[in-house]
Number of protein chains: 2
Amino acid sequence: MIRLSVLYPATEGATFDHDYYRDKHVPLAVRTWGLDGAEIDKGVDGPYVAAVHFKFKSAEALQEAMAAEGTGDVLADVANYTSIAPVLQTSEIVA
Amino acid sequence: MIRLSVLYPATEGATFDHDYYRDKHVPLAVRTWGLDGAEIDKGVDGPYVAAVHFKFKSAEALQEAMAAEGTGDVLADVANYTSIAPVLQTSEIVA
């Protein structure tokens, strides 16, 4: 299983609309990529103000999602909730 | 639900023993804190070579775990698998 974590670092002068993120953006990504769901984090302490964790069956499934037709719309939607440039982390879930 | 993510940034000259981490260290932390389990990541692409995600019922439960008697042993064990200084992120899981 592959995890794609998208992490939003706290950034001077930037805002983040957590409601839009939870109610609109992440559901759009989940629908676009045909996933069962995703876990959404609201930062309490540490370098990140928000994050999402998507799980894919394989590295190939992740690559297919990134290349999918709707992925451009998902990326274009980011401007609707934040100006923060996210950090992307791809990992194999080993346990 | 509160997530504690422990993220290990790729660090010049540092090593990380993924087997020890999965088989010894994270199980020690899970036992010490009385958790059901934890998700362990092995980095594939991005700034982190490894990570673990623990879930706690509440911020109070996390605080109690950090103050627990065995937590010193958990922290002392880090030197057995890496010299990387981890990044700690605490978040509320909102979905």
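The values are calculated or read from the model by the stated rules, or taken from the named source; none is laboratory data. Note that this is a predicted model, so its numbers are computed, not measured. Glycine gets a Cβ as well: all are built from the backbone with ideal geometry, and neighbour counts include every protein chain shown. Ligands, DNA and RNA are excluded from the accessible area calculation, which covers all protein heavy atoms including side chains. Shrake-Rupley method; radii C 1.70, N 1.55, O 1.52, S 1.80 Å.
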Filter result (farther than 22 Å from residue A:41 by Cα and more than 13 Å from chain A (Cβ to nearest Cβ)) within the range B:26-43: B:28, B:31, B:32, B:34
Selection count, the range B:14-60, where residues are open to solvent by 70 Å² or more (accessible area, probe 1.4 Å) and either modelled with pLDDT of 95 or more or within 21 Å of residue A:52 (Cα to Cα) (or both): 12
Taking the condition touching a helix residue (DSSP H, G or I) at 6+ places or on another chain (Cβ under 8 Å), more than 9 Å from every other protein chain (Cβ to nearest Cβ) and of a type in the set (Asp, Glu), does residue A:19 pass? no
Pick from the range B:81-95, criterion polar (S, T, N, Q) and part of a strand (DSSP E or B), ranking: nearest to residue B:25 (Cα to Cα): B:82
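Per-residue answers, yes or no, for (1) within 13 Å of chain B (Cβ to nearest Cβ); (2) over 13 Å from the mean Cα position of the chain (by Cα); (3) of a type in the set (A, V, I, L, M, F, W, C):
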residue: A:24; (1), (2), (3): yes, no, no
residue: A:45; (1), (2), (3): yes, yes, no
residue: A:77; (1), (2), (3): no, no, no
residue: A:80; (1), (2), (3): no, yes, no
Return the total of residues in the range A:54-80 being more than 15 Å from residue A:30 (Cβ to Cβ) and assigned to a loop (DSSP other than H, G, I, E, B). 3
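One line per residue, one yes/no per condition, for (1) touching a residue at least 12 places away in the same chain (Cβ under 8 Å); (2) closer than 19 Å to residue A:87 by Cα; (3) not charged (D, E, K, R):
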residue: B:25; (1), (2), (3): yes, no, yes
residue: B:41; (1), (2), (3): yes, yes, no
residue: B:51; (1), (2), (3): yes, yes, yes
residue: B:56; (1), (2), (3): yes, no, yes
residue: B:61; (1), (2), (3): yes, no, yes
residue: B:64; (1), (2), (3): no, no, no
residue: B:77; (1), (2), (3): yes, no, no
residue: B:86; (1), (2), (3): yes, yes, yes
Give B:5, B:91 a once-over and let me know the one that is in contact (Cβ under 8 Å) with a residue 40 or more places away in the chain, touching a Lys or Arg at 6+ places or on another chain (Cβ under 6 Å) and closer than 21 Å to residue A:8 by Cα. B:91
Considering only residues that are of a type in the set (D, E, K, R) and out of contact with any helix residue (DSSP H, G or I) (no Cβ under 6 Å at 6 or more places or on another chain), look in the range A:61-85 and name the one that is least open to solvent (accessible area, probe 1.4 Å). A:73
Of the residues that make up the range B:59-69, is at least one within 27 Å of residue B:13 (Cβ to Cβ) and of a type in the set (Asp, Glu)? no
